[in-house]
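Worksheet for the structure shown next.
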Amino acid sequence: MDKIIVRGGNALKGKIPISGAKNSALTLIPCALLTDEPLTLRNLPRLADIDGFQHLMNQFGISTTVAGSRPEDFGRVMTLEATRITSNVAPYDLVRKMRASILVLGPMLARAGEATVSLPGGCAIGNRPIDLHLKALEAFGVEIEVAAGYVKAIAKKGIPGGTYTFPVVSVGATENALMAASLAKGTCVLHNAAREPEIVDLCNMLVAMGAQIEGIGTSDLIIQGKDRLHGATYRVMSDRIEAGSYACAAAITGGDVELVGAKASEMDATLDALRQAGVKVEDTGTGIRVASDGKLKPLTISTAPYPGFATDMQAQFMAMLCMADGASVLTETIFENRYMHVPELNRMGAHIETKGRTAIVHGVKKLTGAPVMATDLRASMSLVIAGLVAEGETHVSRLYHLDRGYERLEEKLQLVGADVERVGTE
Ligand code: UD1
């Protein structure tokens, strides 16, 4: 299995190209189910999760072609064509490996009148139920059966429509409901919907496919169902979490980096937190410049749905704040078990205490390299960030987590002068 070796100490300097957003891509791909015409997605990141989703779409009889950009380029273009759907079942084996597979439920149901998807189960960061996905569909008049580890959604005569108010904000449930609603017979209304930029990206693409959605970017969405949607060509938004991760990497090393293609307007909470930590942040028009002298101030941060501070940025900020001058307080309100990186950071010399959902990060003078591994994607990135400033070598294993969400991580870090290499181990 591969691992990444990080030799700390280099201040990152230069430009990092930011890839298309993984979380956006994972909801745009299943939209191919909503039309029998070709859907072309540009700026798709090259990631294991995207390959997995392509495979899932092929299982449904959907043809996919990937136009390879040159190997030295980032991103690629995929055309999906669901002329005929040969299966409406997402089996356990695929859903287990990739939680986001649940996002086929809404569009498959809308197109085929029935969809069967394995229940995804928990994951490293928490329970992650899908009850809200199902309740929203039920409110639209869909029949839901759960048996033998599978959920079956049925709307043989089409999805009637209805109104649903989410009790808590859910990105995935909002996405599933939106995709299903776009082909409903009537009107579907969602209150307290998620308003993450990835939801806006999904709405914009659905509109480009002929959907009618009011309230885009707000928590109240009104979707007037259409009889059919058509094909489209759409460019995936840039990855705000990837950009935020490299911003933390630049800041902890006292670097000066332009995150090319990143959009400041989609990252307010992250950029505000960086500024409060004493990091210089500037919208360059082509991206975001992040510069730091390495002197970081402690922060108090609580994760929240957008436009709040993203849970997907918590681990990377925690790594950065290990080197702050004082104690920071982080509170994780979205997932119950998202501090799995804490013991690993502590093994590198960090001083972090957790109590329930709160973590106190006491700034330290130095971190030291160590062999480490993490149980999820963003936690793995936090270890790389810590490694960039640690004395000596940090060996980060379980790279499959990083490969799920960071396109060619080591190459991007090398572009800005980091001493990072990927090595194969026996
Ligand atoms: C998405 C993102 C993930 C991010 C998360 C929160 C993708 C592929 N993943 O995950 O990177 O960390 O949003 O920003 O886009 N919940 C329920 N019942 C449900 C659904 C969710 O109780 O049916 C709870 C969850 O357990 C969690 C909270 O709601 O506590 C938010 O989860 P949600 O927004 O749904 O996260 P995902 O869509 O799974």
* Loop-resident sites, region 278-342, for trypsin sites (Lys or Arg not before Pro), counting at most 10 other Cβ within 10 Å (DSSP) -> none
* Asked: With a ≥ b ≥ c the root eigenvalues of the C-alpha gyration tensor of region 174-226, is it rounded (a/c under 1.5), prolate (a/b larger than b/c) or oblate?
  -> oblate
* Report, in whole Å, the centroid distance computed from the Cα atoms of region 321-367 and region 172-248. => 34
* Antiparallel %, DSSP beta bridges [both residues in the chain], to 5 -> 70
* Per q in 0.26 1/Å, what log10 I(q)/I(0) does a Debye calculation on the alpha-carbon atoms of region 19-61 return? -> -0.99
* Share of antiparallel DSSP beta bridges in region 22-235, in percent to the nearest 5? -> 75
* Mark the label point 7 Å from the Cα of Arg235 along Cα→Cβ and return the residues of region 30-71 whose backbone N is within less than 12 Å of it. => 42-44
* Structure fact -> Any GluC sites (Glu not before Pro) in region 298-394 that lie in a DSSP loop and have at most 15 other Cβ atoms within 10 Å would be Glu336
* Asked: Taking all pairs of different Cα atoms in region 314-405, averaging 1/r and flipping that mean, what Kirkwood radius in angstroms comes out?
  -> 12.9
* Structure fact -> Between the residues Thr300, Val189, His230, the Cα farthest towards the positive end of the dipole of the chain, that dipole coming from +1 and -1 charges on the beta-carbon of Lys, Arg, Asp and Glu, is from Val189
* Express in % the proportion of alpha carbon pairs of region 231-289 at distances exceeding 17 Å. => 33
* Translational diffusion coefficient (Stokes-Einstein; Kirkwood radius from C-alpha pairs) of region 22-235 at 37 °C, 0.692 mPa s, in µm²/s -> 195
* Asked: Hey, got a sec? Which trypsin sites (Lys or Arg not before Pro) in region 357-393 land in a DSSP loop and have at most 16 other Cβ atoms within 10 Å?
  -> Lys365, Lys366
* Percent breakdown of C-alpha pair distances by 5 Å bin, ordered from the shortest bin, for region 268-426 -> 2, 9, 17, 22, 22, 17, 8, 2, 0, 0
* To do: Treat every Asp and Glu Cβ in region 22-235 as -1 and every Lys and Arg Cβ as +1, leave all other atoms uncharged, and give the resulting dipole magnitude about the Cα centre to the nearest 20 debye.
  => 200
* When the dipole is taken about the Cα centre of the chain, and only Lys, Arg (+1) and Asp, Glu (-1) are charged at their Cβ, what size is it in debye, to the nearest 20? -> 160
* Please quote Rg/Rh for the chain to two decimal places, taking the Kirkwood radius as Rh and restricting both calculations to Cα atoms. => 0.98
* **For a label point 7 Å along the Cα-to-beta-carbon line of Ala67, residues of region 31-52 with backbone N under 17 Å** => 38-46
* Asked: Summing +1 for each Lys or Arg and -1 for each Asp or Glu, what net charge is found among the other residues whose Cβ lies under 13 Å from the Cβ of Gly326?
  -> +2
* Rounded if a/c is under 1.5, else prolate if a/b beats b/c, else oblate: with a ≥ b ≥ c from the C-alpha gyration tensor eigenvalues square-rooted, which is region 383-425? -> oblate
* Quick one: Thr116, Thr333, fewest Cβ neighbours within 10 Å first, how do they rank? -> Thr333, Thr116
* Calculated SAXS-style log₁₀ I(q)/I(0) at q = 0.20, 0.21, 0.23 Å⁻¹ - region 260-352, Debye, Cα scatterers -> -1.03, -1.11, -1.24
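Every number here is computed from the coordinates shown, using simple stated rules; none is lab data. A quick note: this is a predicted structure, and the numbers were derived from the prediction, not measured. Cβ atoms come from the backbone with ideal geometry, glycine included; neighbour counts cover every protein chain shown.
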